[in-house]
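Here the structure comes first, spelled out in structure tokens, and everything after it is commentary.
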């Protein structure tokens with residue numbers, strides 16, 4: 001088909017061919033950011049154009065990530081409709097989709113957003129690991145419950161990082177270095193790069209990427225007499241090996257690791273500006289490592305994909321707990337609360353998908369996972385000559401096994417009309433063992449097991465117009481299993497010893513349109529969700545966390561994405577989300593009244609991205625980018641008495657000049673030096689009447705240099 005065309009083709013995986021344009025050296029330059037409709041995604045476990053899917057899905061390609069200086073999920077959120085990230089600090093944040101928030105804190109409840117690195121989930125109940133987006137193909141977000149295909153933990157959607165695979169064509173390499181200065185803060189810097197090599201007659205490829213980053217602090221602590229206390233280090237790397245013995249077989253192996261360390265928290269109090277007053281440092285560490293193997297075989301009529309992985313996620317925090325130490329001890333000068341978590345996950349996903357262009361498409365899968373969580377916590381009294389004396393501890397271990405069988409069938413019932421029916425039958429078993437001891441109360445043991453089974457269905461109807469546009473309606477479900485509470489020197493009441501499963505039913509109608517020669521793209525989704533027995537992580541008056549069911553909620557909303565590109569290099573992208581929440585049936589053991597609106601989820605959020613791309617000075621290319629994100633007002637908790645937070649705008653401006661594979665980018669973030677309360681929480685052990693706020697990073701100016709071959 002490509003005879004005479006200025007294109008090249010190569011097999012990149014069984015049954016998948018990559019077609020690329022052959023650019024002349026004198027005209028080769030970076031292309032403007034691709035529109036949403038030009039990408040391929042795997043949100044439904046098939047490689048598809050998003051305009052063919054009855055799913056609200058968005059992808060950001062590598063070119064756009066680099067052009068906008070996006071390094072992690074929190075920075076990418078502004079370019080994805082319906083995505084909001086909390087701002088507790090690097091390695092502590094939660095991702096929230098569609099305003100479907102169970103609260104701003106992380107604890108025993110499983111995450112409502114499943115984070116995937118390629119085909120392997122990397123989080124369970126932990127905060128987002130904040131993986132730096134180095135040498136990635138794109139990031140994808142599928143909004144709305146994905147329980148039928150992805151199971152528990154995808155109650156509000158999935159966030160997926162698609163890494164660059166080894167290139168079997170030959171050698172390539174790249175290095176990027178960034179340095180920046182922050183007003184009234186410490187300088188920051190980062191270096192990253194990759195090396196790729198093809199071996200054995202282009203059947204084996206190796207790709208190694210690595211990075212190191214320092215985020216300078218910008219808060220000064222007046223009690224500790226320390227400046228720029230909230231410094232963060234992040235370093236990591238990935239090794240990938242691709243073996244394609246034939247066009248029908250491929251084996252993809254990868255090893256990924258990242259270390260993240262923050263020397264202190266990022267919150268302060270109103271009126272203190274960029275200073276704070278905390279008695280002791282509150283460091284945080286978040287380390288993650290994974291080993292994954294994906295094997296594919298194409299029979300022509302079907303494609304078999306086996307994804308196996310092991311993930312180890314270890315994180316921990318230390319908090320100043322002096323304000324509540326009288327509940328635990330009488331001899332401490334100051335006290336600290338230490339929480340640690342060591343999660344190990346073994347995952348196996350086996351899926352068989354049909355191939356061909358018939359009226360019937362199908363997939364069938366088997367899934368198994370085993371998760372082990374060791375989460376010891378301690379209350380440490382600090383006295384002279386004995387800096388950390390344990391006066392309370394909870395040594396807790398959880399073991400969770402999940403088995404599931406799932407499938408989906410899509411049938412063209414009429415020309416341009418397709419009906420899809422799918423579901424997932426699951427069994428989740430858990431066992432919790434805990435040993436609690438304290439200075440003032442008798443020790444106690446907990447050993448409980450629980451089993452949960454059910455079916456998560458999905459059904460959709462879609463109609464494709466002649467021009468490739470799509471309208472669809474879908475019903476889908478998400479769920480999470482229940483669990484056991486163990487912490488606290490004083491036992492919880494019988495009603496709070498356990499928390500029940502929750503389930504979300506989603507109804508949505510979507511419209512995906514393209515016009516003006518595919519230069520204009522519009523995606524709109526209207527949804528209505530019924531969320532029953534919402535699990536939420538909360539804190540006892542002593543500061544010890546626990547999980548409970550808050551009540552029910554009914555959420556209606558609208559998501560919209562608009563992208564337009566002119567022929568002269570101007571690109572504009574807009575996204576917005578509007579939601580209205582009605583809370584009802586409050587759990588009387590938790591609260592007599594729930595706030596309208598889910599915590600940490602504003603009624604409105606949106607973003608805008610404008611870029612201009614053109615040739616200058618002959619073969620040089622100039623790119624100008626401006627972006628802004630608005631996050632509306634919300635509460636940090638279900639408690640209507642707590643103050644609101646948010647209502648702020650983040651902005652960034654950048655200019656880049658490049659020639660072939662080298663260039664320079666200059667950027668300014670927070671150009672107006674805005675100071676806003678991005679997150680009204682930092683330490684659960686402060687007295688309830690002390691308000692906490694997290695200000696934006698002050699105006700920052702940076703430069704990035706890059707070169708490749």
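Taking segment 268-280 as the search range and keeping residues that are assigned to a loop (DSSP other than H, G, I, E, B) and free of Cβ contacts under 8 Å to residues at least 60 places away in the same chain, which one is surrounded by the most Cβ atoms within 10 Å (Cβ to Cβ)? So that I can check it myself, show each step before the final result.
From segment 268-280, those assigned to a loop (DSSP other than H, G, I, E, B) are 269-274, 277-280; that's our starting set.
Still in the list and also free of Cβ contacts under 8 Å to residues at least 60 places away in the same chain: 271-272, 277, 279.
Working: 271: 8, 272: 14, 277: 11, 279: 17.
Top of the filtered list is 279.
Filter segment 605-620 for residues that are out of contact with any helix residue (DSSP H, G or I) (no Cβ under 9 Å at 6 or more places or on another chain) and modelled with pLDDT of 95 or more; which is surrounded by the most Cβ atoms within 10 Å (Cβ to Cβ)? It would help to see each step written out before you state the result.
Here is the first cut: in segment 605-620, the residues out of contact with any helix residue (DSSP H, G or I) (no Cβ under 9 Å at 6 or more places or on another chain) are 610, 612, 614-620.
Filter once more, so that each one left must be modelled with pLDDT of 95 or more: 610, 612.
On the way: 610: 15, 612: 17.
Checked segment 605-620; the qualifying residue surrounded by the most Cβ atoms within 10 Å (Cβ to Cβ) is 612.
Pick from segment 678-701 the residues that are within 25 Å of the chain's Cα centre (by Cα) and either without any contact (Cβ under 8 Å) to a residue 60 or more places away in the chain or part of a strand (DSSP E or B) (or both): which of them is nearest to residue 601 (Cα to Cα)? First the steps, then the outcome.
First, pick out the residues of segment 678-701 that are within 25 Å of the chain's Cα centre (by Cα): 678-684, 692-698, 700.
Of the ones still in play, those that are also either without any contact (Cβ under 8 Å) to a residue 60 or more places away in the chain or part of a strand (DSSP E or B) (or both) are 680, 693, 696, 700.
Working: 680: 13, 693: 16, 696: 18, 700: 27 Å.
So the residue we want is 680.
Identify all residues within segment 621-644 that are in contact with a strand residue (DSSP E or B) (Cβ under 7 Å, 6 or more places away or on another chain), surrounded by 18 or more Cβ atoms within 10 Å (Cβ to Cβ) and part of a loop (DSSP other than H, G, I, E, B); write none if there are none.
Hits for segment 621-644 are 636, 638.
Within segment 590-600, is there a residue that is over 17 Å from residue 640 (Cβ atoms) and in contact (Cβ under 8 Å) with a residue 24 or more places away in the chain? Don't jump to the end; show me each part of the working.
From segment 590-600, those over 17 Å from residue 640 (Cβ atoms) are none; that's our starting set.
No: segment 590-600 contains no residue that is over 17 Å from residue 640 (Cβ atoms) and in contact (Cβ under 8 Å) with a residue 24 or more places away in the chain.
For residues that are in contact (Cβ under 8 Å) with a residue 12 or more places away in the chain and part of a helix (DSSP H, G or I), scanning just segment 67-102, find the one that is surrounded by the most Cβ atoms within 10 Å (Cβ to Cβ).
The first filter runs over segment 67-102 and keeps only residues in contact (Cβ under 8 Å) with a residue 12 or more places away in the chain, leaving 67-74, 76-102.
Next, from what is left, pick out any that are part of a helix (DSSP H, G or I): 67, 73-74, 76-79.
Working: 67: 23, 73: 24, 74: 19, 76: 23, 77: 24, 78: 26, 79: 24.
Of everything passing the filter in segment 67-102, 78 is surrounded by the most Cβ atoms within 10 Å (Cβ to Cβ).
Yes or no: residue 51 part of a loop (DSSP other than H, G, I, E, B) and either touching a strand residue (DSSP E or B) at 6+ places or on another chain (Cβ under 9 Å) or closer than 18 Å to residue 599 by Cα (or both)? Before the answer, list the steps.
Details: part of a loop (DSSP other than H, G, I, E, B): no; either touching a strand residue (DSSP E or B) at 6+ places or on another chain (Cβ under 9 Å) or closer than 18 Å to residue 599 by Cα (or both): yes.
So residue 51 fails the test.
Which condition number does residue 609 fail, the rest of (1) under 23 Å from the mean Cα position of the chain (by Cα); (2) without any contact (Cβ under 8 Å) to a residue 40 or more places away in the chain being met?
Answer for residue 609: the failing condition is (2).
Check whether at least one residue in segment 236-253 is under 30 Å from residue 680 (Cβ atoms) and outside any strand (DSSP E or B), and report yes or no. Show your work before the answer.
To start, the set of residues in segment 236-253 that are under 30 Å from residue 680 (Cβ atoms) comprises none.
No, that holds for no residue.
Looking at (1) part of a strand (DSSP E or B); (2) within 30 Å of residue 246 (Cβ to Cβ), which one does residue 159 not meet, given that it meets all the others?
The failed condition is (2).
So, in segment 689-709, exactly how many residues are touching a helix residue (DSSP H, G or I) at 6+ places or on another chain (Cβ under 9 Å) and over 24 Å from residue 654 (Cα atoms)?
Counting residues in segment 689-709 that are touching a helix residue (DSSP H, G or I) at 6+ places or on another chain (Cβ under 9 Å) and over 24 Å from residue 654 (Cα atoms) gives 1.
Given the criteria over 30 Å from residue 288 (Cβ atoms), modelled with pLDDT under 95 and touching a helix residue (DSSP H, G or I) at 6+ places or on another chain (Cβ under 8 Å), does residue 416 qualify? Step through it out loud before you land on a result.
Values: over 30 Å from residue 288 (Cβ atoms): yes; modelled with pLDDT under 95: yes; touching a helix residue (DSSP H, G or I) at 6+ places or on another chain (Cβ under 8 Å): no.
No, not satisfied.
Could you tell me whether residue 483 is touching a residue at least 60 places away in the same chain (Cβ under 8 Å) and either touching a helix residue (DSSP H, G or I) at 6+ places or on another chain (Cβ under 8 Å) or over 30 Å from residue 355 (Cβ atoms) (or both)? Let's see the steps before the verdict.
Values: touching a residue at least 60 places away in the same chain (Cβ under 8 Å): yes; either touching a helix residue (DSSP H, G or I) at 6+ places or on another chain (Cβ under 8 Å) or over 30 Å from residue 355 (Cβ atoms) (or both): yes.
Judged against the criteria, residue 483 is a match.
Which numbered condition in (1) in a loop (DSSP other than H, G, I, E, B); (2) closer than 29 Å to residue 106 by Cβ is the only one that residue 292 fails?
(1)
Need the failing condition index for residue 304 against (1) closer than 30 Å to residue 336 by Cα; (2) surrounded by fewer than 21 Cβ atoms within 10 Å (Cβ to Cβ); (3) under 30 Å from the mean Cα position of the chain (by Cα), just the number.
With (1) closer than 30 Å to residue 336 by Cα; (2) surrounded by fewer than 21 Cβ atoms within 10 Å (Cβ to Cβ); (3) under 30 Å from the mean Cα position of the chain (by Cα) applied to residue 304, the lone miss is (1).
Could you check, for segment 373-383, whether at least one of its residues is under 28 Å from residue 127 (Cα atoms), modelled with pLDDT of 95 or more, surrounded by 20 or more Cβ atoms within 10 Å (Cβ to Cβ) and touching a helix residue (DSSP H, G or I) at 6+ places or on another chain (Cβ under 6 Å)?
So far as segment 373-383 goes, no, none of its residues is under 28 Å from residue 127 (Cα atoms), modelled with pLDDT of 95 or more, surrounded by 20 or more Cβ atoms within 10 Å (Cβ to Cβ) and touching a helix residue (DSSP H, G or I) at 6+ places or on another chain (Cβ under 6 Å).
Could you pull out the residue among 507, 528, 546 that is assigned to a strand (DSSP E or B) and surrounded by 16 or more Cβ atoms within 10 Å (Cβ to Cβ)? Outline the logic, then answer.
Details: 507 fails: surrounded by 16 or more Cβ atoms within 10 Å (Cβ to Cβ); 528 fails: surrounded by 16 or more Cβ atoms within 10 Å (Cβ to Cβ).
From the options 507, 528, 546, the qualifying one is 546.
I need the full set of residues from segment 295-344 which are in a loop (DSSP other than H, G, I, E, B) and either under 30 Å from residue 355 (Cβ atoms) or free of Cβ contacts under 8 Å to residues at least 24 places away in the same chain (or both), in order please. Lay out the reasoning, then the answer.
To start, the set of residues in segment 295-344 that are in a loop (DSSP other than H, G, I, E, B) comprises 299-301, 321, 328-333.
299, 300, 301, 330 - these are the residues of segment 295-344 that are in a loop (DSSP other than H, G, I, E, B) and either under 30 Å from residue 355 (Cβ atoms) or free of Cβ contacts under 8 Å to residues at least 24 places away in the same chain (or both).
The values are calculated or read from the model by the stated rules, or taken from the named source; none is laboratory data. If you're wondering where the values come from, they're calculated on a predicted model, not measured in any experiment. Positions of Cβ are generated from backbone atoms using ideal geometry, with glycine treated the same way; all protein chains shown enter the neighbour counts.
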